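Presented below is the structure to which this report refers.
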Amino acid sequence: MSKLNRKAKGQIVIHFILIMLVITLAFPVFFAIVTSTLSLQESYQYPPKLLPGDQFMNNLREAWGRINMGRLFFNSTFISIVVAVVKTILALLAAFAYTHFKFRGQGLLFSICMITQMLPLPVRIIPTYQLMAGFNWINSYYALMVPFFASTTGLILFRQFYLTVPRDLPDAARVDGASPMRYFMQILVPISKTNIAALFVIEFIFMWSQYLWPLIVTTTQEMRVIQIGIKMLLASEQIAPEWNVIMAATVIAMLPPLIVLIAFRKSFVQGIAMQTAK
Amino acid sequence: MNEDRFPGHKILPYLLIAPSLIVIFVFLIIPFAQSVYESFYMSSPFGTHSIFIGLRNYLRLFASQDYRSSVITTFKFSAFVIIVGLSVSLGIAQLLNQKIKGVGFYQLALIWTYAISPTVAGVIWASMFAPATGLISYVVSKISGYSLNWMTNGNLALLIVAAAATWKMLGYNIIFFLAGLQNVPDEFLEAAQIDGAGSWKAFWKITFPLLSPTTSFLLFVNMLYAFFQVFGLIDIMTKGGPGNATELLVYKLYRDGFIHLNTGSASAQSFIIFFVISIVAIFQLRIATRKSVYSR
Amino acid sequence: MNFKKSYFIVLLLTVFLLCSTGNVMAEPVEVTFWHAMSGSRLGVLESIIDGFNEANPDYKVVPLFTGSYAETLTKYIAAYPSGTGPNIVQVYEVGTQTMIDSGAITPVYEIPGMLGETWDWAQYVIPITNYYSVNGNLWSMPFNSSTAMLYYNKDLFKEAGLDPNKPPTTWKEMEEIGDKFLASGVIDHVYSTGWPDWIFEQALSIHNHLYSDNDNGRSGLSTEVVFNDDFGQMIFETWTRLHDKGIYIFGGSEYAPNTAFNSGQIAMLIQSTSSLAGIISAADFEVGTSFYPRFDGYPVGNSVIGGGSLWVTKGQNEEELRGVWEFFKYLSREDIAIQWHKGTGYFPVSLGALKTLLDEGWFSQDQAYLTAFLQILSGRRDTAAATGVRLGPFVAMREDFVSSLEKSLAGQLSPEDALNEAAEKMNQKLEDYLELYGQ
């Protein structure tokens, strides 16, 4: 067998395996989409149907009405965008400070920021919750967003990147008489675009997926998020779960993070690649 | 570069880091310190009574069979998510790293699970594995006659939630492994090939060691994920049941703190989890800085 | 001329001012009410509240669905220190002791006096008010009370060759009928229950057996549970035996026994009376109801009240308190109590309402609704054992109980060991509670 032939065969095998993987990985979501298009009886049929029906809009309307989905959707979108943006800004500023300046306590303060990686919410959930109650922020956007404003991921990402910036860049700016903030806004930030996009994807997805915190910190329907809305669709003692309706809501809830990931995919992958390369 | 590029600006750096630090202190560090403090007390639900009990909360936890069982459950769960998740993703990333047409498409088609929230993953898998009526349960019972009922089989329940959690995380792992693999210089592998080493050996002797920063990073992130972010998944799928077969530490913490209103014990549990995570973090840091000696 | 003009303008302005402040003063006093009523109950509750608001324009009750009972209580506790909580909160019955010890509420029996009114407390159904009373005084307003009874599928009974009008009345009969069902092959399992911990409490109180000392926590905080004796053991053994035979199915905390019953997978269900309306509408077979099964030859007590009650936050101003009290009076009205009962299946708390329902023949229309009533009205009401138990760390203790029951059912522990294990864990929690409250 010629080398070319063997290579071609190898390629086909790889393609085949990859396609099988893609299908297997996607199957649960495919199932969810199909279920969201079925009527209640169809969703409980034996054997379970694998072909889409036509009930999607009905199911969606039902889910929408039951949990006030429009509002929940807005809440999730709003807090995800705001938190992602604020986190990015704060991380950009902080990374700039740690890499372009020398100041007292720098090392210690940076280490403190790093330590917070080990303080995910559940580790401090009750006092943080009491703090929200103390500020009278329970059931408000403040409670949903502000505790998330600090990001170690962002700090690491930008700091790593800024360390690779050749020192001619800020030096030239300084010589030109530019203030540090001017340099930051006009030079540093623009070249950070890829990393900014990558961080946005990460933080948006992270915020969109929040469940435990919104669960305990919101008391009324208007302030809940879409993840909790889905849980509310499931909860029922009397009747079996109406999967068709639940899946309709789930499918819609899946979309925004997917859209964000797909839209910024290039930057996202590049940003991470930059991270991993030393 | 890590030097003073703008000498003379003494205050500016502090102003720049101030917002982050304020958030960190007010919302992370102080609550954490408070949590540690509260772990030494026994308090009434309404906070009207509070007694100092020293280490009793901790001792009770270590002596409690339920807590030990939760530790083991969390360990099993995390081990599955990490071992299965990382191996499978590494394999997939390796495949993606081959020079084939349509890499871009495959890449997207395999990383998108990262965008699925744990809650959504939980809902879908709960539906697929619903006893008797779920798709997978139905297929399995038709093929083998075995009835998959996670409500009466704790090990099965744990397996299913672990599989759901792993599935969701595959996308994330693949991206990082792919990036790490692409950083392995071709020359090394070509040299190995010339030396007559098979691709399997080349992988273990060259690629894998060079991947260790990525691997240890992913290990840490997956651990954080398995410990904390899967709460929604558990709450949707099993609520810790059957019995406490899927009661992860984070779920037990929530139940003790918010349902049983036992803030002292919940705070102690928080601290223990923090302690475990810190150990792993320090460990991971060691590996990351040590192994970097081997990279170029 | 100028003087007159400016005088007139000032007069006009003053009139305007008075009118607008008059408007402000006419704004209704808001009474916030946090509750855990979901599903169809929410609709009934909201229509009752709308009715109240219409009839009482001076007040406005604003309901807020704050999640499950546990979530509602947690949120109430969080809101309490900052005074941002509601005027009224609905708490599940297991939270009664917690609320009594909270220091955050005004006991309901004090309210009429605070407002210069009087109220006839005897108008309520006694077993219900007993549950929420301390030393004979009512601390919270009974609102949604239920108890446990036996539901059964008459069609399945016929199918298995059993008399659909003779449901089991004792545990012995449960076993016999269970055996017959399994032999007929009509179904795989015969019965299931709601939360097993609650069902166990029912089994004790139905036989006038104490759950914990100090009169079930009513004459003082309990120091230990007392159900791990021969009687309790017999209950555990019976249930374990029924489980081993396949008659009793316990699917864990996530199992939905109602769904199984409604879809005809099991023939009998021991569950809250508040499930009645839902079951009747969801089931496509003839639903029968009967009393909670007894152990023959043992004393008679009563079935326990479950559900929730309404608590009034301390420190409200007189206007708000009056609004709260007017709302409570409205809920006590016969027609409203009847509306609540018919829409949800919960007991009407007023005796007057009960009598009206009997008179209008409501119960003869559908026997099922009568069973629940007869059960609590025909039982004892004078002993602590029949009144139900009140414990501080009740929620956590119930979980200890269920986990031990599961071990017994799974064969991991003998019924006796399982019971004792539960008792040990539960007693430790009681000791902690006592220590915390300085006793």
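The values are calculated or read from the model by the stated rules, or taken from the named source; none is laboratory data. If you're wondering where the values come from, they're calculated on a predicted model, not measured in any experiment. Cβ: placed from backbone, ideal geometry, glycine included. Neighbour counts: every protein chain shown.
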Residue check, B:Thr214 at the interface with another protein chain (Cβ under 7 Å from one of its Cβ atoms), over 30 Å from B:Phe52 (Cβ atoms), of a type in the set (S, T, N, Q) and in contact with a helix residue (DSSP H, G or I) (Cβ under 6 Å, 6 or more places away or on another chain): yes
Yes/no for A:Asn58 being more than 14 Å from chain B (Cβ to nearest Cβ), without any contact (Cβ under 8 Å) to a residue 40 or more places away in the chain and farther than 29 Å from A:Thr250 by Cβ: no
Candidate set: the range A:34-55, residues that are of a type in the set (A, V, I, L, M, F, W, C) and within 10 Å of chain B (Cβ to nearest Cβ); chosen: the one surrounded by the fewest Cβ atoms within 10 Å (Cβ to Cβ): A:Leu50
Condition met for A:Met223 (surrounded by fewer than 18 Cβ atoms within 10 Å (Cβ to Cβ) and at negative phi): no
Breaking point among (1) more than 27 Å from the chain's Cα centre (by Cα); (2) at the interface with another protein chain (Cβ under 8 Å from one of its Cβ atoms), for B:Ile11: (2)
Residues (of a type in the set (S, T, N, Q) and either surrounded by 22 or more Cβ atoms within 10 Å (Cβ to Cβ) or closer than 30 Å to B:Ala121 by Cα (or both)) located in the range A:174-214: A:Ser192, A:Thr194, A:Asn195, A:Ser209, A:Gln210
Out of A:Lys102, A:Lys7, sole residue that is charged (D, E, K, R), out of contact with any strand residue (DSSP E or B) (no Cβ under 7 Å at 6 or more places or on another chain) and closer than 30 Å to B:Val88 by Cβ: A:Lys7
Answer residue from the range B:225-234, given it is at the interface with chain A (Cβ under 9 Å from one of its Cβ atoms) and of a type outside the set (Phe, Trp, Tyr) and is nearest to the chain's Cα centre (by Cα) among those: B:Gln229
Selection status of B:Gln94, over 30 Å from A:Tyr129 (Cα atoms) and either in a loop (DSSP other than H, G, I, E, B) or touching a strand residue (DSSP E or B) at 6+ places or on another chain (Cβ under 8 Å) (or both): no
Subset of the range B:235-257 (residues that are among the hydrophobic types (A, V, I, L, M, F, W, C), under 13 Å from B:Asp66 (Cα atoms) and more than 10 Å from chain C (Cβ to nearest Cβ)): B:Leu248, B:Leu249, B:Leu253
Residue that is nearest to C:Trp311 (Cα to Cα), among those in the range C:51-74 that are of a type in the set (A, V, I, L, M) and crowded, with 21+ Cβ neighbours inside 10 Å: C:Leu73
Residue count, the range A:143-173 (criterion: crowded, with 18+ Cβ neighbours inside 10 Å and without any contact (Cβ under 8 Å) to a residue 12 or more places away in the chain): 1
Matching option when the condition is within 8 Å of chain A (Cβ to nearest Cβ) and closer than 30 Å to B:Pro209 by Cβ, among B:Ala163, B:Ala179: B:Ala179
Tabulated pairs, the range C:203-214, first at positive phi, second part of a loop (DSSP other than H, G, I, E, B), C-beta under 6 angstrom, 6+ apart or interchain: C:Asn208/C:Pro299; C:Asn208/C:Gly301; C:Asn208/C:Thr383; C:Asn214/C:Gly220; C:Asn214/C:Ser222
Index of the failed condition, A:Pro127 passing every other in (1) in contact with a helix residue (DSSP H, G or I) (Cβ under 6 Å, 6 or more places away or on another chain); (2) surrounded by fewer than 22 Cβ atoms within 10 Å (Cβ to Cβ); (3) part of a helix (DSSP H, G or I): (2)
Enumeration of residues in the range C:109-131 that are under 21 Å from C:Val389 (Cβ atoms), assigned to a helix (DSSP H, G or I) and either modelled with pLDDT of 95 or more or of a type outside the set (Val, Ile, Thr) (or both): C:Pro127, C:Asn130, C:Tyr131
Count of the range C:148-202 residues which are in contact with a Phe, Trp or Tyr (Cβ under 8 Å, 6 or more places away or on another chain), part of a loop (DSSP other than H, G, I, E, B) and of a type in the set (Val, Ile, Thr): 3
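Here's the yes/no breakdown for (1) part of a loop (DSSP other than H, G, I, E, B); (2) farther than 30 Å from C:Met99 by Cα; (3) more than 12 Å from chain A (Cβ to nearest Cβ):
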site	(1), (2), (3)
B:Gly54	yes, no, yes
B:Arg60	no, no, yes
B:Ser78	no, yes, yes
B:Phe105	no, yes, no
B:Ser137	no, yes, no
Residue, surrounded by the most Cβ atoms within 10 Å (Cβ to Cβ), within the range A:245-259, restricted to residues that are more than 17 Å from B:Trp125 (Cβ to Cβ) and more than 7 Å from chain B (Cβ to nearest Cβ): A:Ala248
Within the range A:99-111, tally of residues that are at the interface with chain B (Cβ under 7 Å from one of its Cβ atoms) and within 30 Å of B:Ser270 (Cβ to Cβ): 1
Helices (runs of 4 or more DSSP H) lying entirely in the range C:357-439 (those with 2 or more residues that are of a type in the set (Gly, Ala, Ser)): C:367-378, C:384-387, C:394-409, C:415-436
